[in-house]
1. Quick check: convex hull over the Cα atoms of the stretch 60-120, volume per residue in Å³, rounded to an integer?
2. May I ask which residue of G130, A95, S166 lies farthest towards the positive end of the charge dipole of the stretch 93-172, with charges of +1 (Lys, Arg) and -1 (Asp, Glu) on Cβ and the Cα centre as origin?
3. Can you bin every Cα-Cα distance in the stretch 98-150 into 10 Å intervals starting at zero and give me the percent of pairs per bin, rounded to whole numbers?
4. With labels modelled as points extended 7 Å from the Cα through the Cβ direction, what inter-label distance (nm, one decimal) is found for A178 paired with H4?
5. What percentages make up the Cα-Cα pair-distance distribution of the stretch 1-48 when the bins are 5 Å wide from 0?
6. If you average the alpha carbon positions of the stretch 1-46 and of the stretch 56-116, how far apart do those two centres end up, in angstrom?
7. In nm, give the distance between the simple-model label positions of K58 and D164, each being 7 Å from the Cα along the Cα-to-Cβ direction.
8. Once label points are set 7 Å from the Cα along Cα→Cβ at both R15 and R30, what is their separation, rounded to one decimal in nm?
Amino acid sequence: MSTHQQPVRTPRTPRAAQIAAAARDLLEERGRDELTMRALAERLGIRAPSLYKHFRNKEAVEAALVEDALAEMGAALHAALREVPAAGRVPALLAAYRRHALAHPGLYRLATTGPLPRAALPGGLEEWAGSPFFLATDEPHLAQALWSYAHGMVLLELDHRYPDGSDLDLTWQAGARAFTASGGRSAPDVP
């Protein structure tokens, strides 16, 4: 699979797409704990058992949302790297990651915290969505470290864990400079 070609998505009927969109709205408005089949049915103006014709359970609805999250984040990150010179890839990637995650906090948390429903996702989607980190660094361990940095920064920002007055734009820029300066060099072994 090309790291630039998005994997084929799971097909959805129009009604399943409508259910997933309503679930996403609920997730963003109320959070993961409030995303229930009963609340989803109420949102759609139907009885809860009708949902099971399209999704076997709540976990299947969540897996559909995780698929959407990975596909959308991957698309945003791949787009951020298009036509960016090598020296600008890390800053462009981090800016796109932050922007997308902060714009969709409920979806971001669902897709990136807790166990990932890999068996329910289209083959290659997780790898494709994460490949921009490798494309920006050209080194697999540095790519993982960069994703870990970005993920931690986003969660801390979403949770308002930085002290008042922190200039997070400067913090993100400092991270981008640090990862860019490493240039793919491996760190010495830590005993």
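Laboratory data are not the source of any read-out in this text; all were calculated from the coordinates shown. Note that this is a predicted model, so its numbers are computed, not measured. Every residue, glycine as well, gets a Cβ built from its backbone with ideal geometry; the counts of neighbours run over all protein chains shown.
1. On the way: hull volume 5.1 nm³, N = 61.
So the per-residue hull volume is 83 Å³.
2. G130
3. 21, 49, 30, 0
4. 3.2 nm
5. 5, 20, 22, 17, 13, 10, 7, 5, 1
6. Cα centroid to Cα centroid, the span is 15 Å.
7. Roughly 3.6 nm, to one decimal.
8. 2.2 nm
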